[in-house]
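Have a look at the structure below, then the notes.
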Amino acid sequence: MAQPTATLRVVAGDAVLLLERRFAADPERVWRAVSDPAELARWFPAAIDGDLRVGGHLRFTFSEDPADAGDGGEGQVTEFEPPRVFGFLWNRDALRFEVAPDGTEAGGTRFTLTHVAGGGALGRVAAAGTAHGWDTCLAALEDLLEGREPEAAPEAASDRLAAVERYVAEFGLDEGTAVTTPDGYVVSFTRDLLWTPLDDAWAALTGGGEVEAATAPPVGAVNDDVGAGPVTEADPPRVLEYTWTHEGAAAGTVRWELIHDPELGNRVELTQTVPEHLGSVLPTALAAWHTHLERYFAAVNGDVRGPWPRERAEELRGRYAARLG
């Protein structure tokens, strides 16, 4: 049976992912699989150790080395109602597993996983990778319930990229904004880089070469639709800023920032300042960076794409123009 994908909504500023699965196994069997630490270790992303009662302390471990116990952080049980509900905190996130009969004569189970991502707006930025991660975990849970061995081979990078890109588009995580400022506008995008090391993300942006002030910016940081002037700041592997030009004259700055977050992963924040008298270029700028960041995310994940996709950029320019009015 085809499984539904994750859904995303925002509640009180936090991203909430909801995933539902139907399993042929009965509810008692599913409850054991989602509450017994030994069974959780076979599908959940971290081993869980602790006191399974409301208020009980939990410890999460990724490494198999006993010396690294707790390297995944800590949490607390918030709900524990066998054989129906298991809720807990994991660092700044809240997870809830709900087990219920699926209402069929076969006696299967409806399983619902709710993940409230801490971090406010930044938790939403990481939602696509998180959703795909849960899809992978729940596939392993289904294997466990069906008595199958989980896939031994790691997921192909191309499959992972395609799955995350689908969620990025579905959740609207690729959309940019144009905010009015006293001097004009700021075009802004924030994109998750999953857990790509900053050095690798910087290399994808710069081609691995040296970047210095007053020189031309690297090809990976510019595109066909935003004129590029000299670099004004370079701080590898975190900051690259350069002047952008309009009709040959300096008009503002483009700034790339690569940011590490130990809990949410790494991300890129891109901004372009636009003076008030050039407000007409906003749809083009938004479309250009939307397209550019699609290609950059692919490159960071090993898929270096061909020439600038003019049709895609034009499609997005029309969409942003309609939104801006």
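Coordinate-derived values only; no laboratory data. Worth saying up front: this structure is predicted, and the values here are computed from it rather than measured. Using ideal geometry, Cβ is built from the backbone for each residue, glycine included, and neighbour counts are taken over all protein chains shown.
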Multiply the residue separation of Ala121 and Ala24 by 0.36 nm, subtract the distance between their alpha-carbon atoms, and state the gained length in nm to one decimal. 31.3 nm
What number do you get for region 110-159 when its Cα radius of gyration is normalised by 2.2 N^0.38 Å, N = residues? 1.39
Just the Cα atoms of region 86-193, one point each, no solvent: what log10 I(q)/I(0) does Debye give at q = 0.21, 0.22 Å⁻¹? -1.25, -1.28
Arrange the following residues from fewest to most other Cβ atoms within 10 Å of their Cβ: Trp256, Trp195, Trp308, Trp289. Trp195, Trp308, Trp256, Trp289
Using each residue's phi in region 21-27, evaluate 6.51 cos²θ - 1.76 cosθ + 1.60 at θ = phi - 60° and report the 3J(HN,Hα) Karplus result to the nearest Hz, with x for Gly and Pro. 9, 10, 10, 6, 5, 6, x
On each of the three principal axes the extent of the alpha-carbon atoms of region 1-61, given in whole Å and largest first, is 35, 31, 20
What share of Cα pairs, in percent, lie more than 21 angstrom apart in region 114-265? 58
Across region 24-101, how large is the tail of the calculated P(r) beyond 14 Å, expressed as a percent of all Cα pairs? 61
Once you treat every alpha carbon in region 7-170 as an equal point and sum by Debye, what is log10 I(q)/I(0) at q = 0.09, 0.12 Å⁻¹? -0.31, -0.56
Estimated vicinal HN-Hα couplings, Hz - region 308-317 in sequence order (Karplus 6.51, -1.76, 1.60; Gly, Pro = x): 3, x, 4, 5, 5, 4, 5, 4, 5, 4
Sort His290, His246 so the one with the fewest other Cβ atoms within 10 Å of its own Cβ comes first. His246, His290
Beyond 14 Å, what percent of the Cα pairs of region 172-240 remain? 69
Fewest-first ranking of Thr253, Thr112, using other Cβ atoms within 10 Å as the exposure measure: Thr112, Thr253
Taking the chain and counting helices only, DSSP H stretches of n ≥ 4 at -39,500 (n - 2.57) each over all residues, the nearest-500 ellipticity at 222 nm comes to -9000 deg cm²/dmol
Over all directions, what mean area does the Cα convex hull of the chain project, stated in square nanometres? 19.9
Cα extents of region 217-287 along the three principal axes, largest first (Å): 41, 22, 19
Quickly work out the Asn91-to-Glu257 label distance, labels modelled 7 Å from Cα along the C-beta direction, and quote it in nm with one decimal. 2.0
Under the rule of at least 5 residues apart or a separate chain, name every residue whose amide H is placed under 5 Å from the amide H of Leu193. Asn266, Arg267, Val268
How far apart, in nm, are the 7 Å Cα→Cβ label points at His57 and Ala322? 5.6
For Asp159, project a label point 7 Å along Cα to C-beta. Then give me every residue of region 262-299 with its amide nitrogen under 18 Å of that point. none
